[in-house]
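Have a look at the structure below before the remarks.
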Amino acid sequence: MELITFLVIGAFAGFAAGLFGVGGGTIIVPLLFIVFTQMGYDPDVVMHLALGTSLATIVVTSISSLMAHHKNGAVIWSVFKNLAPPMAIGCFFGAGIAGLISGLHLQIIVGFE
């Protein structure tokens with residue numbers, strides 16, 4: 001049953017992304033928050049799980065997008081090489097900060113996005 005729930009969430013988010021250009025933060029994170037809460041996960045970590053799961057899917061779609069754009073010659077690799085290290089450092093710092101924030105405060109921050 002869980003697999004079906006996650007497939008429906010993914011299909012809905014994909015449809016919304018294609019139609020309206022929205023997905024992760026707008027669709028997936030709130031739905032995962034609800035599903036993880038219903039599954040009985042600790043309320044202190046539910047928001048962290050929802051955000052982490054959404055971000056993990058972004059990694060896969062970003063790599064797919066990068067490969068497609070590269071195939072069309074639309075990637076400026078010198079810019080990518082200059083941006084990649086600071087973005088990686090920012091990701092680690094962001095994840096560290098998010099790990100220190102309580103679930104309730106993280107919900108508030110995400111709610112204001």
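The values are calculated or read from the model by the stated rules, or taken from the named source; none is laboratory data. Nothing here was measured: the structure is a model prediction, and the numbers come from that model. A quick note on method: Cβ atoms are made from the backbone with ideal geometry, for glycine too, and the neighbour counts reach across all protein chains shown. What goes into the accessible areas is simple: the full protein's heavy atoms, side chains included, and nothing from ligands, DNA or RNA. Shrake-Rupley method; radii C 1.70, N 1.55, O 1.52, S 1.80 Å.
Keeping the other protein chains in place, figure out the carbon and sulfur percent of the accessible area of the chain, with a 1.4 Å probe.
That fraction is 75 percent.
Hey, what's the chain come to in accessible area per residue, 1.4 Å probe, Å²? Write out the running numbers ahead of the final one.
Details: 8160 Å² over 113 residues.
Per-residue value: 72 Å².
Within the chain, which whole H helices from DSSP have a Cα span along their axis of at least 27 Å and a mean Kyte-Doolittle hydropathy of -1.0 or more, if any?
Result, helices passing both filters: 43-71, 77-100.
Among Met87, Met39, what's the order by accessible area (1.4 angstrom probe), most exposed first?
Met87, Met39
What figure, in Å² to the nearest 10, do you get for the accessible area of Val75 with a 1.4 Å probe and non-protein molecules left out?
Here the residue's solvent-accessible area equals roughly 30 Å².
Pull out the extension gain between Asp44 and Leu100, defined as 0.36 nm times the separation in residues minus the alpha carbon to alpha carbon distance; nm, one decimal.
Working: separation 56, 0.36 × 56 = 20.16 nm, distance 1.14 nm.
So the extension gain works out to 19.0 nm.
What FRET efficiency comes out for Phe112 versus Ala84 if R0 is 30 angstrom and r is the Cβ-Cβ distance? Round to the nearest 0.05.
On the way: r = 29 Å, r/R0 = 0.95.
Taking R0 as 30 Å, the efficiency between Phe112 and Ala84 is 0.55.
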